[in-house]
Amino acid sequence: MKAAMRAAIPAGGAEMGQRSPRVAAAKEQGSTSTPSGSRGVGSIVPMAPDPGHWRPTIGVQGQDVSAHQGNVNWQSQWNMGSRWAYVKASEGNYYLNENYAQQYNGSRNVGMVRGAYHFAIPNWSSGADQARYFVANGGGWTADGYTLPPVLDIEYNPYAGRTINGFYFGNTCYDMSKAQLGQWAADFGNTVKALTGRFPVIYSTTDWWNTCVGNSTFGSYPLWIASYWSNPTNSPGSMPLSWGNYTMWQYSSTGPFEGDSNIFNGSYDQLRTFARGVSYPSNPAIKSGADILTTNASGRLDAFRASGTGKITGPYTIGSGWSDATAVYVVDWDQDGVQDILSQWSDGTLKVFRGAPGGGFYGAVQVGSGWEEMSLTVGWWNLKDPYPGVIGQDYLGNLYRYSNTRGGALGNGTLIGTGFRGHQLNQLDFDGDGSQDMVTRTADGALRLYRSNGVGGFLNETARVVGSGWSGMSAVSSATNFSGSGSQGLHARAGNGDLYYYPVSSGTWGTRSLIGLGWNDASLISGAALDVETTQGLDEEDVLAVRPDANLYRYQGTGSTALSPQDLIGTGWSGLKAGFVTDWNKDGALDIVAQWSDGRLTVYPGRNGSGFGDPISLGSNWKNWTLTVGSWKKADPYPGIVGYDATGRLHYFRNPGGKTVSTGVSIGIGWSGLDIAQLDFDKDSNVDLLAKTPSGDLKLYRSNGAGAFAAEAPRVVGTGWDIISSYSGVRSFAGAGSTGIIARTTDGELRYYPVGAKGSWGTPSRIGTGWNGLTIFSAAAR
């Protein structure tokens, strides 16, 4: 009987949605009528898919196929954006898909997550019988993260009203009552659960299920709903009895993909945990991958919970002791369904704090070291990997991929790109093709898109600019599921502390929305990568400057009288009067002393490998002072300040402990109108004072190293300096131990003047143009 039925049904048997009203109407145009008197049934002739068919803008795209699609070109489907597939394995207990192996294995080989479905013929044999047949012939499941759970396709009778090989198939409900069909589905599901460990997904339509089954007790089974609409939409419509939401949605039988086209209702990460069969956690500290974490100066860790509709609530404190973290990322690192934290620390370690299902976190697990000079981004860069991994960028601009093969420590890095110096990284599926892309931000405020192939590399194409004006953002991070299932976008903090969400769909930006105020209190925002350029700290040959956009930039010195391109290292520097680079607290990291136009004087302590700490006030009555910073008094353990007030009286201010300044000591008069800088000009190991007069003379006031001037008249060491609008001393700019002056001319040219033995001048060189309008920091003399 089975063999005879197998021979009598059409080639390929029934396929998903075959008898739903809209699909049947479309496909009957291509069907072949059965000759009069024949006992066979005409086969369904599949139409060529329309690759331009509309797609929902939510979820993860996928498809289902059967023997009707033959040997599928899976690479082409992957390139079109399909990331998961279901393959028909069986029908009744008499049919097996002849193309099952090619379809099931081929989809996986290109990187897809895949599973198998069974087309139910409930009046042919029992649910338990068909379940056993299905599981024994391709319908099994394993928790490897690549295998989707089994599917029960129970729907319109594909052979309604027909007699095939002497068997009458009945009406659209198989001539069975609601109670009978409900029991049949339960028997099938319980048998599959017993054999595989999982209840099957139920595929059906709202109309057929409510009409033929009408059972509301299947809520523990994931729902795959079939619902076709002529016009684009992100909603399948009403749900069948038993369900308030759906897991998958079959939205088209005519494209864009071969077979039927579908979405998974969630992010790619959720698709993988769905495949793995993890349980939903009861009360985790981080409720979803869309939540935002922050740290503050005291080390408190807070969570802001995402609603899934573009809003957040909070903060909710979930930890402490995070002061030394340099970046934090929300990720389900071990794919157990509970969100974890991958954290980067100032000592170079990478640690994972695994989330506990009932709240809190398990003890930290170190998964890497030596990352203090790396910037990273986290996600599914290679969709063939079993777990999300890391992309790391070193200070030279090299990009490496690190696989997380076991949900624990990272493997060795694989070079995937060069030339990314000065780029800050974020992963998101910008173009909506199902693969994580790299969107980078550079100091000029441009966002650039580097599209990926989804399996660990970039597409062979030139990056394109997809945004501008982002230089004023102090933190940018990717956001998935924030405004809906599978939604993509960026979070960005502006210089004033406002937090925005920028949605993107299929390569097009949506309208940004304000989601928070006062976020400058956050030291870190989850997902915002550590700027790799700041991991090096400052070197004495570097040049700092605030540009007219009020952002702070570093121009890294090469050690050979040249500067590297600018790196953004700070925002919100409007109102700066003068800036100085010095190791104010003598901890080995260069700090910034900032004099503000409103009279404030602050020091930003440098942190080795992690930028700068919170500013420390050095007073607020410095508005009318002209200052210079350096080791004026050799016996003092910390650098101090030499400056003159509005009357032209020159003072020296000690720095007694690396955090304050003492009361000034008068060391001279008549300094009004002079532009001053500290430098050991004559190389006698005492820091001297240079003063540029309004007429353009550069005068040397030698010191005795004890806090006073040498008993001699100043001498002119340069003339024609009236064309110089800014200057300061610099060390190691022309090599280790070298001394010189970096000066800007009135036409914006930047020059380097080397100073040789006993105060002799070397040959000056031009090192840049276009420097007018910048506030250039002075280097501290020592």
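The values are calculated or read from the model by the stated rules, or taken from the named source; none is laboratory data. None of the values given here were measured: they were computed from a predicted structure. Cβ coordinates were reconstructed from backbone atoms using ideal geometry, including for glycine residues, and neighbour counts include every protein chain displayed.
Kindly provide the set of residues from the range 210-232 that are part of a loop (DSSP other than H, G, I, E, B) and either surrounded by fewer than 14 Cβ atoms within 10 Å (Cβ to Cβ) or not hydroxyl-bearing (Ser, Thr, Tyr) (or both), ordered by number.
Taking the range 210-232 first, the residues part of a loop (DSSP other than H, G, I, E, B) are 214-222, 227-232.
GLY214, ASN215, SER216, THR217, PHE218, GLY219, SER220, PRO222, TRP229, SER230, ASN231, PRO232 - these are the residues of the range 210-232 that are part of a loop (DSSP other than H, G, I, E, B) and either surrounded by fewer than 14 Cβ atoms within 10 Å (Cβ to Cβ) or not hydroxyl-bearing (Ser, Thr, Tyr) (or both).
Do we have ALA285 as modelled with pLDDT of 95 or more, over 22 Å from ARG512 (Cα atoms) and outside the structural domain of ALA492 (by TED's automatic domain parsing) here? Steps first, answer last, please.
Working: modelled with pLDDT of 95 or more: yes; over 22 Å from ARG512 (Cα atoms): yes; outside the structural domain of ALA492 (by TED's automatic domain parsing): yes.
Yes.
Name every residue in the range 611-641 that is of a type in the set (Ser, Thr, Tyr), in a loop (DSSP other than H, G, I, E, B) and crowded, with 17+ Cβ neighbours inside 10 Å, in order of residue number. Quick ask: steps written out before the conclusion?
The first filter runs over the range 611-641 and keeps only residues of a type in the set (Ser, Thr, Tyr), leaving 617, 620, 626, 628, 631, 638.
The next check asks that each one be in a loop (DSSP other than H, G, I, E, B); those that pass are 620, 631, 638.
Of everything in the range 611-641, those that are of a type in the set (Ser, Thr, Tyr), in a loop (DSSP other than H, G, I, E, B) and crowded, with 17+ Cβ neighbours inside 10 Å turn out to be SER631, TYR638.
Considering only the range 251-268, I want to know if a residue exists there that is at positive phi, buried (at least 24 other Cβ atoms within 10 Å of the Cβ) and not assigned by TED's automatic domain parsing to the domain that holds GLN344.
yes
Check TYR500 against each of (1) of a type in the set (Ser, Thr, Tyr); (2) assigned to a strand (DSSP E or B); (3) under 27 Å from ARG766 (Cα atoms) and name the one condition it does not meet.
TYR500 satisfies every listed condition except (3).
With respect to GLY170, is the statement that it is outside any helix (DSSP H, G or I), assigned by TED's automatic domain parsing to the domain that holds TYR221 and surrounded by fewer than 20 Cβ atoms within 10 Å (Cβ to Cβ) true?
Numbers: outside any helix (DSSP H, G or I): yes; assigned by TED's automatic domain parsing to the domain that holds TYR221: yes; surrounded by fewer than 20 Cβ atoms within 10 Å (Cβ to Cβ): yes.
So GLY170 passes the test.
I'm trying to understand the selection: among the residues of the range 589-603, which are on the phi < 0 side of the Ramachandran plot and not in a strand (DSSP E or B)?
Just the residues of the range 589-603 that are on the phi < 0 side of the Ramachandran plot, to begin with: 589-598, 600-603.
Correct list: ALA589, LEU590, SER597, ASP598, ARG600.
Pull out all pairs, ordered by first then second residue, where Cβ-Cβ is under 6 Å, the residues are six or more apart or on different chains, the first lies in the range 350-363 and is over 11 Å from VAL338 (Cα atoms), and the second is of a type in the set (S, T, N, Q) and surrounded by 13 or more Cβ atoms within 10 Å (Cβ to Cβ).
Close Cβ pairs (under 6 Å, with a partner that is of a type in the set (S, T, N, Q) and surrounded by 13 or more Cβ atoms within 10 Å (Cβ to Cβ)) amount to LEU350/GLN344; LYS351/SER343.
Listed here are the residues, each with its yes/no results for (1) in contact (Cβ under 8 Å) with a residue 60 or more places away in the chain; (2) assigned to a strand (DSSP E or B); (3) in the same structural domain as ASP583 (by TED's automatic domain parsing); (4) in contact with a His (Cβ under 7 Å, 6 or more places away or on another chain).
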{"position": "LEU689", "(1), (2), (3), (4)": "yes, yes, yes, no"}
{"position": "SER695", "(1), (2), (3), (4)": "no, no, yes, no"}
{"position": "LEU700", "(1), (2), (3), (4)": "no, yes, yes, no"}
{"position": "VAL716", "(1), (2), (3), (4)": "no, yes, yes, no"}
{"position": "TYR727", "(1), (2), (3), (4)": "no, yes, yes, no"}
{"position": "PHE733", "(1), (2), (3), (4)": "yes, no, yes, no"}
{"position": "ARG744", "(1), (2), (3), (4)": "no, yes, yes, no"}
{"position": "ASP747", "(1), (2), (3), (4)": "no, no, yes, no"}
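Among the residues of the range 542-562, count how many are more than 15 Å from ALA443 (Cα to Cα) and either small (Gly, Ala, Ser) or crowded, with 16+ Cβ neighbours inside 10 Å (or both).
7
How about the range 470-483: which of its residues are in a loop (DSSP other than H, G, I, E, B) and either buried (at least 19 other Cβ atoms within 10 Å of the Cβ) or modelled with pLDDT of 95 or more (or both)?
Step one: of the range 470-483, the residues in a loop (DSSP other than H, G, I, E, B) are 470-472, 481-483.
Of everything in the range 470-483, those that are in a loop (DSSP other than H, G, I, E, B) and either buried (at least 19 other Cβ atoms within 10 Å of the Cβ) or modelled with pLDDT of 95 or more (or both) turn out to be TRP470, SER471, ASN481, PHE482, SER483.
Here's the yes/no breakdown for (1) at pLDDT below 95; (2) in a strand (DSSP E or B); (3) hydroxyl-bearing (Ser, Thr, Tyr):
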site	(1), (2), (3)
ARG493	no, yes, no
LEU514	no, yes, no
ALA529	yes, no, no
THR535	yes, no, yes
GLU540	yes, no, no
ALA550	yes, no, no
GLY559	yes, no, no
PRO565	yes, yes, no
LEU568	yes, yes, no
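Right, ILE341: assigned by TED's automatic domain parsing to the domain that holds ALA528, aliphatic (A, V, I, L, M) and crowded, with 17+ Cβ neighbours inside 10 Å or not? Give the derivation first.
Details: assigned by TED's automatic domain parsing to the domain that holds ALA528: yes; aliphatic (A, V, I, L, M): yes; crowded, with 17+ Cβ neighbours inside 10 Å: yes.
Yes.
Looking at (1) among the charged types (D, E, K, R); (2) surrounded by fewer than 24 Cβ atoms within 10 Å (Cβ to Cβ); (3) within 22 Å of MET248 (Cα to Cα), which is the one condition that is false for LYS88?
That leaves (2) as the condition not met.
Which of the residues belonging to the range 188-197 are crowded, with 19+ Cβ neighbours inside 10 Å and either out of contact with any Leu (no Cβ under 6 Å at 6 or more places or on another chain) or under 15 Å from VAL278 (Cα atoms) (or both)? Quick ask: steps written out before the conclusion?
Restricting attention to the range 188-197, the residues satisfying the condition of being crowded, with 19+ Cβ neighbours inside 10 Å are 188-189, 191-192, 196.
Once the filter is applied, which keeps residues that are crowded, with 19+ Cβ neighbours inside 10 Å and either out of contact with any Leu (no Cβ under 6 Å at 6 or more places or on another chain) or under 15 Å from VAL278 (Cα atoms) (or both), the range 188-197 yields GLY189, THR191, VAL192, THR196.
Go through the range 649-683 and give me each residue that's surrounded by fewer than 16 Cβ atoms within 10 Å (Cβ to Cβ), under 52 Å from the mean Cα position of the chain (by Cα) and farther than 18 Å from SER728 by Cα.
First, the residues of the range 649-683 that are surrounded by fewer than 16 Cβ atoms within 10 Å (Cβ to Cβ): 656-657, 659-660, 662-663, 665-666, 669-670, 672-673, 683.
Filter once more, keeping what is under 52 Å from the mean Cα position of the chain (by Cα): 656-657, 659-660, 662-663, 673, 683.
Correct list: PRO656, GLY657, LYS659, THR660, SER662, THR663.
Here are ASP175, ASP129, ASP144: which of them is among the charged types (D, E, K, R), without any contact (Cβ under 8 Å) to a residue 60 or more places away in the chain, outside any helix (DSSP H, G or I) and farther than 20 Å from SER66 by Cα? Step through it out loud before you land on a result.
Working: ASP129 fails: outside any helix (DSSP H, G or I); ASP144 fails: without any contact (Cβ under 8 Å) to a residue 60 or more places away in the chain.
Answer to the check: ASP175.
Which of (1) over 19 Å from the mean Cα position of the chain (by Cα); (2) assigned to a loop (DSSP other than H, G, I, E, B); (3) within 27 Å of PHE119 (Cα to Cα) is the odd one out, the single condition PRO281 does not satisfy?
(3)
Report, ordered by the first and then the second residue, all pairs with beta carbons closer than 7 Å, sequence separation of six or more or different chains, a first member in the range 651-665 that is under 15 Å from ALA708 (Cβ atoms), and a second member that is polar (S, T, N, Q) and outside any loop (DSSP other than H, G, I, E, B).
Pairs that qualify, where the first residue is under 15 Å from ALA708 (Cβ atoms) and the partner is polar (S, T, N, Q) and outside any loop (DSSP other than H, G, I, E, B), are HIS651/SER666.
Quick check on my filter: what residues within the range 359-379 are in a loop (DSSP other than H, G, I, E, B) and not polar (S, T, N, Q)? Don't jump to the end; show me each part of the working.
Here is the first cut: in the range 359-379, the ones in a loop (DSSP other than H, G, I, E, B) are 359-360, 362-364, 369-373.
Across the range 359-379, the qualifying residues are GLY359, GLY360, TYR362, GLY363, ALA364, GLY370, TRP371, GLU372, GLU373.
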